[in-house]
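The next block holds one structure in the form of structure tokens; read it before the comments.
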Amino acid sequence: VMRRYSDFEWLRNQFSEEYPYCIIPPIPEKDMQGTIDKIKGGQNADTKLLEYRQRALRKFLVRVGAHPHLHNSRLLQDFLEMEEKDWELHMKAARKPQPDQHIASAFETALTRQWYPTPAAENAGASYAKALQDPPASVQVWEETKEYINRLHISLGVLRERLTQLIRRRREASIALHEFGRCFTRVGEVEGSLEQTPLSNAILAVSNHTEQLSKVYVDHADQESKNVEETLTYYILMCNAVRDTIQRLLAFMQARDQLLHQTEELKSQREKLMSKGGQPDKVAKVEADLQSTTEKKDLAISNVKKMELLVKDELRKFHHDKQFDVKGILKVFAELQMDYAAKMRRSWEGLAPTVENIKA
């Protein structure tokens, strides 16, 4: 089965509408060419972009497949199994999903799951910490939690930019080292034109050595980009997904509060009409409106309670995964630096005997 980027984009949008309480795993941004050029260099940028997108979209499917509410959805099944032509027709014919139908079943799943809470990250906002807890949170707490996620998004973006600069400098150092080695070659050729001596041999050995080190720089930059930078990019996009989910919850809360306000206004109108001996038809109309609005209000209150529990469930999962993945980033980054240092040391130690053979 072949799928285009636009198919993934459509699928994720459908998930967001049909499962408004879920933090939908992100897909790579559509316009990534400039970012890829900065991170991976201008050469073979199209190939690098394709490889990056393939890894990122594969990660999206893995995360969706492991999600407690999305993994068994009909949407995902159709996406994975339908032939291309059938899938195109399916997208065109898709009806607007009804999210309320899924809240009840997902609510039952959240109630039966056992969570083992981990401490909030150091310096986490007080509201974010409250949102991770079981009691219902106020609109203000969710607004402040969204702001915490926004600050996290900005901080991760700055961190990624600094890493991008570091990777770019490694690539620039690789090019400079290559040019440095070519200069050594010319010096060695001049020295060797007289006669082959330990000095001319050492100079040529250093030239060949710098070529090897140039490749070490490039390989190291590639590993940092693939194993660290891409994970940071994922979490920057994941922050967007978390904010979107919180915003959907806030929209539900706003609709609930509007219905609460309308209910109180209708009650006030009814009391005024009855106190003034209002006409029966007007009183009956207000009574009917009040009954209808009350039913909508009660449904909205129930849905918000269920949805908030589900969003908290999702936020705790995000918090747990974030801690695990950031720990992985730190571990991988440290291992890459140690591996890089070890390769450099071994390389220069292998060259030392050749240099020592030079007699002054």
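Taken over region 269-307, the residue count meeting the criterion of being open to solvent by less than 60 Å² (accessible area, probe 1.4 Å) and touching a Pro at 6+ places or on another chain (Cβ under 8 Å) is 1. Being over 30 Å from Lys305 (Cβ atoms) and surrounded by fewer than 18 Cβ atoms within 10 Å (Cβ to Cβ) is not true of Ala202. Would region 157-179 turn up any residue that is open to solvent by 70 Å² or more (accessible area, probe 1.4 Å), under 14 Å from Leu315 (Cβ atoms), of a type in the set (D, E, K, R) and modelled with pLDDT under 90? No, every residue in region 157-179 fails to be open to solvent by 70 Å² or more (accessible area, probe 1.4 Å), under 14 Å from Leu315 (Cβ atoms), of a type in the set (D, E, K, R) and modelled with pLDDT under 90. Taken together, Phe180, Phe184 contain a single residue that is in contact (Cβ under 8 Å) with a residue 12 or more places away in the chain, in a helix (DSSP H, G or I) and either farther than 30 Å from Arg162 by Cβ or more than 47 Å from the chain's Cα centre (by Cα) (or both), which is Phe184. When you look at Leu61, is it modelled with pLDDT of 95 or more, part of a helix (DSSP H, G or I), of a type outside the set (D, E, K, R) and open to solvent by 20 Å² or more (accessible area, probe 1.4 Å), yes or no? So Leu61 passes the test. If the condition is being over 30 Å from the mean Cα position of the chain (by Cα) and either under 14 Å from Val355 (Cβ atoms) or open to solvent by less than 80 Å² (accessible area, probe 1.4 Å) (or both), then region 205-225 contributes Ala205, Val206, Ser207, Asn208, His209, Thr210, Glu211, Leu213, Ser214. Per the conditions (1) crowded, with 17+ Cβ neighbours inside 10 Å; (2) within 23 Å of the chain's Cα centre (by Cα), the sole criterion not satisfied by Leu266 is (2).
Only one of the listed residues (Ile203, Ile149, Ile236) is assigned to a helix (DSSP H, G or I), aliphatic (A, V, I, L, M) and touching a His at 6+ places or on another chain (Cβ under 8 Å). That residue is Ile236. Each residue in region 300-327 was checked for being polar (S, T, N, Q) and free of Cβ contacts under 8 Å to residues at least 60 places away in the same chain, and 1 pass. Just so you know, in region 65-79 the residues that are loosely packed, with under 14 Cβ neighbours inside 10 Å and either in contact (Cβ under 8 Å) with a residue 12 or more places away in the chain or polar (S, T, N, Q) (or both) include one that is farthest from Asp313 (Cα to Cα), and it is Gln77.
The values are calculated or read from the model by the stated rules, or taken from the named source; none is laboratory data. Since the structure is predicted, the reported quantities are computational estimates derived from the model, not experimental observations. Neighbour counts are summed over all protein chains in view; Cβ atoms, including those assigned to glycine, are modelled from backbone coordinates with ideal geometry. Ligands, DNA and RNA are excluded from the accessible area calculation, which covers all protein heavy atoms including side chains. Shrake-Rupley method; radii C 1.70, N 1.55, O 1.52, S 1.80 Å.
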